[in-house]
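Working notes, beginning with the structure itself.
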Amino acid sequence: MSHRIIIKPSEHIMHTASGETILQSALREGFSLPYGCRNGSCGVCKGKILSGNVDYGHSNEETLTEVEKEAGKALFCCAVPLSDLVIECHEIGAIKDIEIKTLPSRVEKLERVAPDVMVISLKLPANQRLRFLAGQYIDILLKDGKRRSFSLANAPHDDDVLQLHARNYPGGVFAEHVFSKMKVKDILRFEGPLGSFFLRDTPEDVPIIFLASGTGFAPIKSILEDVFHQEAGKAHKQAMVLYWGVRTKADLYMVELAEQWQRQHDHFTFIPVLSDALPEDGWSGRTGFVHEAVMQDFSSLESHHVYACGSPVMVKAAYQDFTVLRQLPKDGFFSDVFTPSANSQ
Ligand code: FES
């Protein structure tokens with residue numbers, strides 16, 4: 001049964017198809033609600049039901065608590081309308097006009113850049129281009145109907161090939177395929193671009209902190225390369241710092257690139273952080289958890305924006321500690337969480 005949904009404060013109206021979640025209806029009808037994992041793990045899609053009833057669906061208890069439900073909150077990627085609804089959330093204008101496509105691509109290059117990281121370069125058919133915002137991701141469509149999400153690591157202007165950073169992890173069936181069977185010239189179908197992890201318009205005097213764990217570096221690489229490309233020739237350049245947390249030195253798989261950005265751009269600082277440095281690493285840099293390095297360096301984040309990408313544990317800890325202990329405004333924190341079921345990076 002179809003239901004009508006009014007979105008506040010925009011007053012946009014959309015209609016659901018039977019059994020669809022609120023987010024599925026929005027994407028089908030071209031409304032740009034914020035979202036990340038689409039499986040109830042990240043909380044990015046959380047909004048308010050102002051009137052009407054929903055089936056909350058299956059989500060992680062920590063992502064949507066009972067107290068939040070009682071306060072009218074719901075995860076729009078999980079909630080299925082049971083009646084006409086009025087909902088409240090902030091639509092994102094920037095992705096509204098970008099078409100989500102399903103395209104074939106050919107594996108152009110495979111580079112093992114760290115013990116458990118493969119850089120996959122994908123070539124599109126000659127007559128195709130993928131329009132996307134730096135920081136968005138694509139879903140690789142597998143033969144069994146499953147999907148694996150990967151952030152695009154190249155900037156939109158540099159789109160001769162699409163670059164993905166795939167991490168191998170125990171039990172990851174597609175990850176294992178990438179590391180043991182995938183070959184150059186294999187054909188992969190994908191859907192994209194997806195997600196709302198991209199740089200918002202930020203006042204020039206607001207410094208930006210990027211926080212990456214592991215292959216969470218991928219979308220941040222896309223965003224930074226896009227920023228460096230667009231700001232060429234501009235008089236004012238926004239202060240930006242990247243904290244990249246990994247276990248050992250070998251996991252800093254594009255460290256030369258990040259160091260090169262720092263040499264080339266006075267307003268950009270790169271801080272690598274190792275959590276499990278090995279004696280042979282000879283590491284004299286920062287150590288510990290990556291978000292704690294930010295906590296040590298900033299007594300207040302009141303006038304900052306933070307973009308965090310990587311493991312759920314890191315993103316959650318960063319959000320908690322930055323907003324509670326460092327006064328970061330809640331609407332100044334943007335995140336993309338990699339969960340094994342939804343985002344296999
Ligand atoms: S919880 Fe809904 S998009 Fe992640």
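The values are calculated or read from the model by the stated rules, or taken from the named source; none is laboratory data. Just so it is clear, the structure is predicted and the values come from calculations on it, not from any experiment. Quick reminder, even Gly has a Cβ in these numbers, built from the backbone with ideal geometry, and neighbours come from all protein chains shown.
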Exercise for review: Return the pairs, sorted by first residue and then second, in which the second residue is near the ligand (Cβ under 6 Å from one of its atoms) and among the basic types (Lys, Arg), the first residue lies in segment 33-45 and is in the same structural domain as residue 61 (by TED's automatic domain parsing), the beta carbons are less than 9 Å apart, and the residues are 6+ apart or on different chains.
Suggested key: 45/38
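Any chance segment 79-97 includes a residue that's touching a Gly at 6+ places or on another chain (Cβ under 9 Å), assigned to a strand (DSSP E or B) and away from the ligand (no atom under 16 Å from the Cβ)?
Residues of segment 79-97 touching a Gly at 6+ places or on another chain (Cβ under 9 Å): 79-90, 95-97.
Right, trim to assigned to a strand (DSSP E or B) and you get 80-81, 85-88.
Imposing the further condition that a residue be away from the ligand (no atom under 16 Å from the Cβ) reduces the set to 85-86.
Yes, there is a match, as at least one residue in segment 79-97 is touching a Gly at 6+ places or on another chain (Cβ under 9 Å), assigned to a strand (DSSP E or B) and away from the ligand (no atom under 16 Å from the Cβ).
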**Study point:** Residue that is farthest from the chain's Cα centre (by Cα), among those in segment 10-55 that are surrounded by fewer than 16 Cβ atoms within 10 Å (Cβ to Cβ) and within 16 Å of the ligand (Cβ to nearest atom)
**Key:** 55
Check your understanding: Going by the conditions given, is residue 156 touching a Phe, Trp or Tyr at 6+ places or on another chain (Cβ under 9 Å), outside the structural domain of residue 308 (by TED's automatic domain parsing) and modelled with pLDDT under 95?
Key -> yes
Review point. Within segment 263-317, can you find the residues that are in a loop (DSSP other than H, G, I, E, B), within 26 Å of residue 168 (Cβ to Cβ) and at pLDDT 95 or above?
Key: 275, 276, 277, 278, 282, 283, 285, 288, 289
**Study point:** For residue 281: the one exception among (1) of a type in the set (Asp, Glu); (2) surrounded by fewer than 18 Cβ atoms within 10 Å (Cβ to Cβ); (3) in contact (Cβ under 8 Å) with a residue 40 or more places away in the chain
**Key:** (3)
Exercise for review: Name the single residue, out of those in segment 173-220 being among the charged types (D, E, K, R) and over 20 Å from the mean Cα position of the chain (by Cα), that is modelled with the lowest pLDDT.
Suggested key: 204
Check your understanding: Mind checking which pairs have a first residue in segment 178-206 that is in a loop (DSSP other than H, G, I, E, B) and a second that is exposed (fewer than 10 other Cβ atoms within 10 Å of the Cβ), Cβ under 8 Å, 6 or more apart or different chains?
Key -> 204/236
